[in-house]
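Have a look at the structure below before the remarks.
Readers should treat all values here as calculations from the given coordinates under stated rules, not as data from a laboratory. Predicted model only: the values in this text are computed from it and were never measured. All Cβ positions, glycine included, derive from the backbone under ideal geometry; neighbour counts span all protein chains shown.
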Amino acid sequence: MASVIVCSGPHDGHVSPMLGVARQLMDRGHKVRFLTGPKYEDAVKASGAEFLALGPGADGQPQNSNATGLQAIRDGVKMLIIDPAEGQYVPLTAAIAAEHTDAVLAEISFMAASILTRQPRDSRPPVIACGILPLTLSSPDCAPFGLGLPPGTGPVSRLRNRTLNWLVANVALKDTQRQVDRRMRELGGVGLNGDFFLDWARNADLYAQFTVEEFEYPRSDAPDTLRFFGPMARHAASASVTPKPDWWGELDGSRPVVYVTQGTVSNEDFTALVGPALEGLAGEDVTVVVSTGRRPLSALPPLPANACAAEFLPDAELMPKVAVYVTNGGYGGLHYAMENGVPIVVAGDTEDKPEGAARVAWAGVGLNLKTGRPKPEAIREAVRKILGDGRYRAGSQRIGAAIKASPGVDGLIDEMEAMLRKE
């Protein structure tokens, strides 16, 4: 039995996949301490793990921002990485000091883990970086993370990628890079040493990406430690206990179901995507299903006759009924859709969402509207196109087959156990 610390920022889309990992670790006989925000204490304890609380400053919830592109990356780094760093690192190192720890598993935005990887290898436990976002690694084969650009092919694209990567690291995000480096030195005594801050997982003992290779850009310079295990969301328990709304029986297959959601973070303003989708699809022969991401239904605009809504829905049971998934691009939701072979219309331009949106188009599983505020007619035309063109469903089914064949949490734990046997 190994003693493991699982770390996550206090956000639904981060905690959920890491709880899936924690449950499976315990099923395999390992001891788990789970470090996250107090908001999730009950969920952690219900899983059977020991709860560890983040320190002051690390339990802030994400704030909605209209920033896009590089400014969205700057804002996200400050909120998710720089500001919470001390409140993550202090309790993490205290937990390691208090009890023998065989391994630390941390989602990719958890800065304390990146600081830990800079410590001498013989003075720390192995660190496993868990990729709950599209792969952040910079590479000459890809444009910089956050721009939402497809990788391109050929020497011209590689030259473009190299140029953009240099400009982002040395000009556009130069101040952010300095801030991260300074914070790391203050807390752990070792800075970035010239490495780009989004590449910290190259120093991890294992980089576990929660997707399949078919949904990620190839990188010829990827580290040998990178593994693709598929989405962990298949192991989330919440879907099986979520009550079904009264209108659930209407999803009887008589009309195509279009599922619309803005997730659980960017859902303060339903005029961004849900409102335009309701307006654009009001006259279509479809049933529109809306999830508010736990916000009250009163926050929604008036529902047309062909629409119904709930605060939260059991995705694992809903997705097999869905013909088109309309989303702002949350990573977990994209994988739920593809696992069920559902084609996607994605409209997201904040946080990491442009990267997920770009991969949807690149992988041939749907359409990228390239904005977080699409027009009603753009959504209507995209839905019509997907319903009328079987290639998008076929593309999603192809990725879904890869997801179903991927090893998931068991594969990750197998790798961890093999690594620990060599310690």
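Which of Ile115, Ile403 has the fewest other C-beta atoms within 10 Å, and how do the rest follow up to the most? Provide the component values of the computation, followed by the final result.
Values: Ile115 27, Ile403 23.
Sorted ascending by nearby Cβ count, the order is Ile403, Ile115.
Which value at 222 nm does the chain reach when only helices count, each DSSP H run of 4 or more adding -39,500 (n - 2.57), with the total divided by all residues and rounded to the nearest 500 deg cm²/dmol? Don't skip to the end; give the middle numbers.
On the way: 15 runs with 160 residues, N = 423.
Calculated from helices alone, the mean residue ellipticity at 222 nm is -11500 deg cm²/dmol.
Check cross-link reach from Lys174 to the lysines: straight Cα distance under 18 Å, and skip same-chain residues fewer than eight apart.
List returned: Lys78.
Can you run the Rg to Rh ratio on region 110-151? Use alpha carbon positions and the Kirkwood inverse-distance Rh.
Numbers: Rg = 13.8 Å, Rh = 12.5 Å.
We get a ratio of 1.10 for region 110-151.
Based only on other Cβ atoms within 10 Å, what is the fewest-to-most ordering of Glu311, Glu216?
Working: Glu311 16, Glu216 20.
Neighbour counts put them in this order, fewest first: Glu311, Glu216.
Projected onto the charge dipole of the chain (+1 at Lys/Arg Cβ, -1 at Asp/Glu Cβ, origin at the Cα centre), which of Pro223, Gly280, Ala169 gives the Cα projection farthest towards the positive end?
So the residue we want is Ala169.
For Gly48, enumerate residues with amide H under 5 Å from its amide H, sequence gap 5+ or separate chain, H modeled in the peptide plane.
The answer is none.
Work out the FRET efficiency for Ser220 and Arg384 from their Cβ-Cβ distance, taking R0 = 35 Å, and round it to the nearest 0.05. Show your work: numbers first, answer last.
Values: r = 39 Å, r/R0 = 1.11.
Efficiency computed from Cβ-Cβ geometry: 0.35.
Counting other C-beta atoms within 10 Å, which of Thr163, Thr327, Thr287 has the fewest, and how do the rest follow?
On the way: Thr163 12, Thr327 27, Thr287 23.
Final ranking by Cβ density, sparse to dense: Thr163, Thr287, Thr327.
Averaging sequence separations of C-alpha pairs under 8 Å and six or more residues apart, then dividing by the length of the chain, give the relative contact order as a whole percent. Please report the intermediate quantities before stating the final value.
Values: 825 pairs, mean separation 62.3, N = 423.
Computed value for the chain: 15 percent relative contact order.
Using amide H atoms built in the peptide plane, which far-off residues or other-chain residues are under 5 Å from Val288 H to H?
Those qualifying (amide H under 5 Å, at least 5 residues apart or on another chain) are Val258, Ala307, Cys308.
Let me know the charge dipole size of region 238-404 about its Cα centre in debye, to the nearest 20, where only the beta-carbon of Lys, Arg (+1) and Asp, Glu (-1) is charged. Walk me through the intermediate numbers first.
On the way: 17 positive and 19 negative charges, 94 e Å.
Roughly 460 debye, rounded to the nearest 20.
May I have the convex hull volume per residue, in Å³, for the Cα set of region 238-404?
Values: hull volume 17.4 nm³, N = 167.
Hull volume over Cα atoms, normalised by residue count, gives 104 Å³.
Run the quick spin-label model on Thr371 and Glu50: label points 7 Å from Cα toward the beta carbon, then report their separation in nm to one decimal.
Label at Thr371, label at Glu50, 5.3 nm between them.
How big is D for region 271-368, in µm² s⁻¹ as a whole number, if Stokes-Einstein is applied with the Kirkwood radius of its Cα pairs at 4 °C and 1.567 mPa s?
Details: Rh = 13.9 Å.
The diffusion coefficient I find is 93 µm²/s.
Of the options Pro302, Gly332, Pro120, report the single residue whose Cα projects farthest towards the positive end of the charge dipole of the chain (beta-carbon charges: Lys, Arg +1; Asp, Glu -1).
So the residue furthest toward the plus end is Pro120.
Just for the Cα atoms in region 1-160, what are the lengths along the principal axes, largest first, rounded to whole Å?
Extents along the principal axes: 52, 34, 29 Å.
Please compute the Kirkwood hydrodynamic radius of the chain from all pairs of different C-alpha atoms, in Å with one decimal. Before the final figure, lay out each step's value.
Numbers: mean 1/r = 0.0456 Å⁻¹.
When all Cα pairs of the chain are included, the Kirkwood radius is 21.9 Å.
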